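Data block below; observations after.
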Amino acid sequence: MPTYKVRGIDVDFPYEAYDSQLLYMDKVMQSLQEEKNALLESPTGTGKTLCLLCATLAWRKSLGSFTTGLSLKTSDKGKTEISSSQSGASNFPAIVYASRTHSQIRQVIQELKRTSYRPKMTVLGSREQLCINEKVKLLRGKAQTNACRSACRRRAKPKHQCKHFQNVPEYLKHNPNLGEEPVDIEDLVNIGRTAGPCPYYLSKELHKAVDIIFAPYNYLIDRGYRGSLQLSWSNSVLIFDEAHNLEGICADAASFDLPSWLLTACITEVQSVVDLIIVRRNKSNDKSQNPDDFAILKALLLKLEKRIAEVHIESKELGFTKPGPYIFELLAELNITQKTASKLKSIIAEAVTLIEEENQEKSTGTICRLDTIKDILDIVFKDGGNSHAKYYRVHVKEVEAWGANSSKGQVSRTLSWWCFNPGIALEGFAKEGVRSIILTSGTLSPLDSFAEELKLDFPIRLENPHVIGPNQIWAGVVSVGPLGRAFNSSYRTRDTMEYKQELGNAIVNLARIVPDGLLVFFPSYYLLEQSIGCWKSTNNENSASIWERICKHKKPVIEPRESSLFASSIKDYLTKLNDTTASGAVFFAVCRGKVSEGLDFADHAGRAVVITGLPFATSIDPKVRLKREYLDQQSGTQGQSIKVLTGDEWYNQQASRAVNQAVGRVIRHRHDYGAIILCDERFAQPHRQSQFSKWIQPHIKCYSRFGEVVFTLTRFFRDGRTQGSTKLSLLEAENGGNLGEMPSSEHSTDKFHLEKLLQPLPTPVTPNCTSKASSLLETKKGYTSFVEGILPANRSSLSSDRRLTVGCDSSSDTRETILHKRRTVLSQEPDGFDLGDKSKNMLIAPCFTKKRRFIAGEYDLKQYFGNSNDQSSSGSQNSQGDIDLQCKDNVTSQSRNPEFLRQKDNLPTDSTPSTADGTQGSAFLAQVRDKLSAAEYIDFVGYMKALKTKTLKISEVLLSISRLFSGPERLPLLKRFKDYIPAKYHPLYEQYVEGKVD
């Protein structure tokens, strides 16, 4: 295992590290040594998690050996106390590694297993993930939490007590080395099932004496969870992985919403407690609880309900808004103050306990809502002061009630106290002396606004490059569609029929060009539904709708609004992606939705991502509007000396960050490749591009013509302009190659790793090449051997791969290759728009032994003219009039002969150009270049391309070329061009010519 010296400390790394990985570890080490906060962005696939673990644990090991063993003592009260068995171990800094979801934590622990470091560790999870009690594990949310707490109380009846909870101390006593080898949630659950201890409390007890803790965000952000951790926060290290949503999570954790139906439910619960106490008094003369306390609580909640209902709302859209400190005035009217709040919270806690006991006695899984009021009081009366209220706004909104919790049609009100300073959730760590806070993700850009939002100082920052090469990414701004109409999803144009049809036609084209999986992201569900509705309708009964044309090339899946349907939509996408009768699938999704943030579309699961517009939040949404007003007020009071984020800057950067998240679904590891297609002219603006992640910015090109997009995208996917084939990358992973962050094999409902569920499919090319794979390729991990002619994605020929023996068989009549039971039609380039049914017999693209040469602004059109006599490429046409233009490299004279092509594909005799000699085609090309300007010549190239790819209807192409050749000096070009189009279109072309010739 290689060892690297990073800032004087030896770091063991499981693979040969890239420069970007060494740079990342250097920044982590700097943060830890200098006790400073760090903001580190590194694209997915660059080994971010592995670098973070190795650097952090190497630094920790340099301070002293890792913790071993446990010491258990029983206190005077009979409670077991756990600590490290090593003297002085408690003096070392605690490391808390937090990530957003359980599945992400699972991945991190898999990465830990790859390293040589073995710190004592534990993983904290929710009861939903860890509970093995037969009754409690069936519950969810607060009902499960309350049932668990009741079952663990000593005063609980024996039949309700949890035996697993009681077994925890005994198990730790006999297994003091637990955690010295990496354990994840599944390991803890298996221990519980086989040996008996509760996995949830086992992990909570173990965290008191470990070197590193892995936990979800809420253990650090939520004050209640954080208080349950028995850690010395002073000198500790906090790591937030996947931190791109941290600001929003922090703000939400410090805010509350109290809708009418929830307040009504709380009142009902308090009444049930009063009734329960009265019944107990009458039955057993039990006077341990005073019903008057709960009656007072009920009266307060009723007054609060009445007070909210009395708030005067002038405008339903604007609602009722007051500065943050107004919440104290509102509650003071109910005699709820700093002094009375603590007593009120104790009464609520007592009521919740009684409700839990009653629910357990009756074996009901009813959720206790009353806890919400206690949480609200904790937020409002935080730290016994009110200085934090200046970062808040009070808002009351009125909406029409719906659903099971209220009567449909009635007016419902919600009292909200929104926090607009996310840094509140983290400011406590600075006060407690935390050593370093490291925030990292693949998409943190723009970093300045991220740091300003959290109100923390991040002197150490990094925007790391990707480990992929420039040939593995295509990134472009597509300003116009196939008919030249501008793409702009702003409110001025997004609802017009022309915009939606132009976008649909573009996606038809992209569905043909992009192999395998295609992701299309809309700014909102509204635009997604409106667009698809438009595409499904057709104005002409004789022509297919846009939706039908999309479905002809890729099977569609639409992201549902309802979370409950999300898992089934993913399964649907997987099924359609692996369908042997289709050429892939297209997933229509929404920025900020689950697809844009919770999925890995590696390899062929996501070969391209289309962004159809800027996903701005709804400007009239009260929370968005008030956030912008708050930031503008802050920037006004700070003056020009201090840089403060304005409302407009925040609004724009939130949209940019959502785009970065969606774009990050493709190119998931160093062997992956894909395209980023930005279908909105606003992305061409420099300030928009500056907000993309830095590794993407150099690759972005702006296209003013849709034909150029088709041309370059086709070349990207078909000419082998990518780095490394999918199959080879997976083999390298199996052999210990450094793939960075490859997802684990586990699957969960909150994150799906598509690349583990799907067989990798290399981009189909060159059926006439035969290859012999080594025995390693044939047998490793049960993979089937390579199908003949599968080309590594980073080469234009197989000859340079030392593991493959290559030969070209030009006489082969192979028309298609079956890849892992999937039919992949091999053609030189994909079609753009459809012109009727696609021919089943497509001409074969010969294999390339060298890359075709392309000069900027100049294109070689010889491949479109001539015959085999001058070794130039010949054009041919199938029975549908599609033009297939053969390239000239490594093709035998027989395969280049037009007559041979006609016989092989049953083409009509008039399908080849009438040019008798290739030199005539060259001469014509020279005349075209001479007569046209540079810009016109590029247009001509695009029109020629359109003849083959069907990017435009052939009638439109012929009309455009006839106009291009109009004028007395271009009359010869106008007439001669007829020789280079299929005979069946001669009458149509002559009609255009007659309109141009005097």
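The values are calculated or read from the model by the stated rules, or taken from the named source; none is laboratory data. Only a predicted model underlies this, so the values are computations on that prediction, with no experimental measurement involved. Because the Cβ atoms are built from the backbone with ideal geometry, glycine has one as well, and the counts that use them run over all protein chains shown. These accessible areas exclude ligands, DNA and RNA; they are computed on the full protein's heavy atoms, side chains included. Shrake-Rupley method; radii C 1.70, N 1.55, O 1.52, S 1.80 Å.
Once the chain from Glu990 to Ala926 is taken as fully extended at 0.36 nm per residue, the excess over their C-alpha distance is 20.7 nm. Put a dot 7 Å past the Cα of Gln166, heading toward its Cβ, do the same for Ala332, and the two dots end up 5.2 nm apart.
Kindly state, to the nearest 0.05, the FRET efficiency for Leu302 paired with Ala983, given R0 = 60 Å and r defined as their beta-carbon distance. My answer for the efficiency is 0.10.
Among the GluC sites (Glu not before Pro) in the stretch 506-588, those located in a DSSP loop and surrounded by at most 16 other Cβ atoms within 10 Å of their own Cβ are Glu541, Glu562. Each Lys or Arg adds one and each Asp or Glu takes one away; over the other residues whose Cβ falls under 10 Å from the Cβ of Pro119, this sums to +2.
Legend: distances between Cα atoms for Lys204/Lys345; Lys554/Lys576; Lys554/Lys701; Lys27/Lys48; Lys48/Lys204; pairs beyond 19 Å are Lys204/Lys345; Lys554/Lys701; Lys48/Lys204. Surface calculation, 1.4 Å probe, protein heavy atoms: Glu16 sits at approximately 130 Å² accessible. Close amide H partners of Cys419, meaning residues 5 or more places away or on another chain with modelled amide H under 5 Å apart, are Ser255, Phe256. Filter the chymotrypsin sites (Phe, Trp or Tyr not before Pro) in the stretch 454-519 down to the DSSP loop ones having no more than 11 other Cβ atoms within 10 Å, then list what survives. Those satisfying the criteria are Tyr491.
For Arg494, the solvent-accessible surface with a 1.4 Å probe is about 80 Å², rounded to the nearest 10.
Identify, among Ser288, Leu304, Ser260, the residue whose Cα sits farthest towards the positive end of the charge dipole of the stretch 246-317, taking +1 on the Cβ of Lys and Arg and -1 on the Cβ of Asp and Glu, with the dipole about the Cα centre. So the residue furthest toward the plus end is Ser288.
Here the simple spin-label model places points 7 Å from the Cα toward Cβ, and for Gln685 and Ser564 these points are separated by 4.1 nm.
The listed residues Ile938, Ile620, once ranked by accessible area (1.4 Å probe) with the largest placed first, stand as Ile620, Ile938. Calculated FRET efficiency, Ser545 to Thr575, Cβ-Cβ distance, R0 = 30 Å: about 0.80 to the nearest 0.05. Would you mind checking Lys159/Lys298; Lys36/Lys61; Lys931/Lys953; Lys298/Lys339; Lys390/Lys431; Lys306/Lys382 for any pair whose Cα atoms are more than 29 angstrom apart? With Cα atoms farther than 29 Å apart: Lys159/Lys298.
Lys and Arg at +1, Asp and Glu at -1: add these up for the other residues within a Cβ distance under 15 Å of Ser387 and post the number. Residues close to Ser387 contribute a combined charge of +2. Only protein heavy atoms count here; under a 1.4 Å probe, Ser596 has an accessible surface of about 0 Å². These residues, Thr581, Thr122, Thr353, go from largest to smallest accessible area, 1.4 Å probe, as Thr581, Thr353, Thr122. Note on Asn218 and Lys390: the extension gain reaches 59.5 nm, defined as 0.36 nm multiplied by sequence separation minus the Cα-Cα distance. For the pair Ala195 and Ala265, the difference between a 0.36 nm per residue extended length and the Cα-Cα distance amounts to 21.1 nm.
Spacing of the modelled spin labels on Asp10 and Ala309, each 7 Å from Cα toward Cβ, amounts to 7.4 nm. Computed from the Cβ-Cβ distance with R0 of 35 Å, the FRET efficiency linking Ser933 to Glu498 stands at 0.75.
Here is the list for the stretch 539-592: trypsin sites (Lys or Arg not before Pro) lying in DSSP coil, each with at most 13 other C-beta atoms within 10 angstrom of its C-beta, are Arg561.
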